[in-house]
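We did not get these values from a lab; they are worked out from the coordinates using the rules stated. Values in this document were obtained by computation on a predicted structure and should not be read as measured data. As a convention, Cβ positions derive from the backbone with ideal geometry for all residues, glycine included, and neighbour counts pool all protein chains shown.
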Amino acid sequence: MGVGMPGSIWLDEFGCILNDAFGTIPYLVGSALEKKEGWRDVDVRVLLSKEEWDRWQFGDPERVRSNSRWVAVVLAFSALGQRMTSLPIDFQPQLAEWANAKFPRPRSALGIAYLSRFREVEPEVAARP
């Protein structure tokens, strides 16, 4: 991970808030995960099941920018992440099936250590990347 300290600690704290809000583990993806330097922003994604995606009423995953609910969530959580971490956060919820097909790149779970510290988490879940 290329965000350094204390950014990575704050990024995990932000991940805990996302987990509380969406009920699933968020991920660091993209160039900030893959490179130590030269990244433009810090991509954070929450991958939602079809049921959760529909519950949030985000609509067509290919046209999310036209969904005002999705845009509001992206702007609000990106701003919160930027405020917490002092990093240029690009937060987006994504439909898991769509994201897995479209972006088969590495992901790093955020907040796992903190989640297991503050609440009951199954050990095998806390250990997964």
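Less than 5 angstrom separates the built amide H of residue 95 from those of 48, all sequence-distant by 5 or more or on a different chain.
Taken one residue at a time, the phi angles of segment 48-60 give Karplus couplings (6.51, -1.76, 1.60, θ = phi - 60°) of 9, 5, 4, 5, 5, 4, 5, 4, 6, 6, 7, x, 5 Hz. Gly and Pro are set to x.
Exposure proxy shown here: for 24, 85, the number of other Cβ atoms within 10 Å sets the order, fewest to most, as 24, 85. Phi-derived couplings, Karplus 6.51 cos²θ - 1.76 cosθ + 1.60 at θ = phi - 60°, listed residue by residue for segment 13-22: 4, 4, x, 5, 5, 5, 4, 4, 6, 10 Hz, with x used for Gly and Pro. Under 5 Å between amide hydrogens, built in the peptide plane, is the criterion, and for residue 3 it picks out nothing among residues at least 5 positions away or on other chains.
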